[in-house]
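For reference, the structure is listed below as structure tokens.
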Amino acid sequence: MIKKKYIIVIQCHIVKEYCSGFLCEHTFNKRVDCFSCYDSNNNLRFLSITCGGCCGRSTLRKLQDFISQAEAREKIIKNEIVVHLSSCVSFESFHGPECPHKEYISKIITEKAGLDLVYGSRLSPITEARRKKNIYKTR
Ligand code: SF4
Ligand code: SF4
């Protein structure tokens, strides 16, 4: 089990125009899919934000604000925070191809903000089956 105090999920700003993000939080609450590695009995907290729109540059400002607020108000340090790039950012799905700026945003998270990074959040069984069959492969 990974001992973290805060999970931040970064969702695609475009997809969030029509997705509430409920299934990401629901998946976290059930500790399944990409959240299955976290202890269900701790006080792990969850916050979802968006990348702010292409190219994801505002992610750094949002994360820097989070880091400074979490440390000042709750004594939560960087090592206790983990960022998940949601499945609609990390992987191809019916929402579209994976984020074209994924590498750039990943560097912002790990190198600029200095936080741990995990790819994915909710894994829809239908979408996973399609991925395995390469149905989403770009033609
Ligand atoms: S940068 Fe990527 S995650 Fe952000 S809005 Fe654009 S496509 Fe979506
Ligand atoms: S991973 Fe799914 S539930 Fe989460 S924000 Fe993207 S589309 Fe919505």
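The values are calculated or read from the model by the stated rules, or taken from the named source; none is laboratory data. Just so it is clear, the structure is predicted and the values come from calculations on it, not from any experiment. Note that we place each Cβ from the backbone using ideal geometry, even for glycine, and neighbour counts take in every protein chain shown. Only protein heavy atoms, including side chains, enter the accessible area calculation; ligands, DNA and RNA are left aside. Shrake-Rupley method; radii C 1.70, N 1.55, O 1.52, S 1.80 Å.
Taking the 1.4 Å solvent-accessible surface of the chain as the whole, the part contributed by carbon and sulfur is 52%. Under 5 Å from the amide H of S48 lie the amide H atoms of V9, each residue being 5 or more positions distant or on a separate chain, with H modelled from the backbone and absent for Pro and chain starts. Our note on the geometry: Cα centres of segment 34-72 and segment 79-135, 14 Å apart. Placing pseudo-labels 7 Å out from each Cα toward the beta carbon at R61 and K112 gives an inter-label distance of 1.1 nm. What FRET efficiency do you get for S124 and F46 if R0 is 25 Å and r is their Cβ-Cβ distance, rounded to the nearest 0.05? About 0.85, to the nearest 0.05. Between K107, K16, K30, the residue with the greatest mean-square fluctuation in the GNM of the chain (Cα pairs under 10 Å linked by springs) is K30.
Ignoring lysines fewer than eight residues from K4 along the same chain, the ones with Cα atoms less than 27 angstrom from its Cα are K16, K30, K62, K75, K78, K102, K107, K112.
Accessible surface calculations at 1.4 Å, restricted to protein heavy atoms, place the chain at 60 Å² per residue. Each label was represented as a point 7 Å from its Cα along the Cα-to-Cβ direction; for E74 and F94 these points are 3.4 nm apart. Among I126, I108, I81, the largest mean-square fluctuation in a Gaussian network model of the chain, built with springs joining Cα atoms closer than 10 Å, belongs to I126. Would you mind working out the magnitude of the charge dipole of segment 6-132 relative to its Cα centre, with +1 at each Lys and Arg C-beta and -1 at each Asp and Glu C-beta, to the nearest 20 Debye? The calculated dipole for segment 6-132 is roughly 100 debye. Ellipticity at 222 nm from helices only: DSSP H runs of n ≥ 4 in the chain, each -39500 (n - 2.57), divided by the residue count, give -9000 deg cm²/dmol. Per residue, the average separation of C-alpha pairs within less than 8 Å and at least 6 apart gives the chain a relative contact order of 31 percent. Here the Gaussian network model covers the chain, with springs between Cα atoms less than 10 Å apart; of N43, N79, N29, N43 fluctuates the most.
Extension gain, R31 to N134: 0.36 nm times the residue separation minus the Cα-Cα distance gives 34.4 nm. Excluding same-chain neighbours fewer than eight residues apart, the aspartates and glutamates reachable from K5 by a Cα-Cα span under 14 Å are D39, E71, E74, E80, D116.
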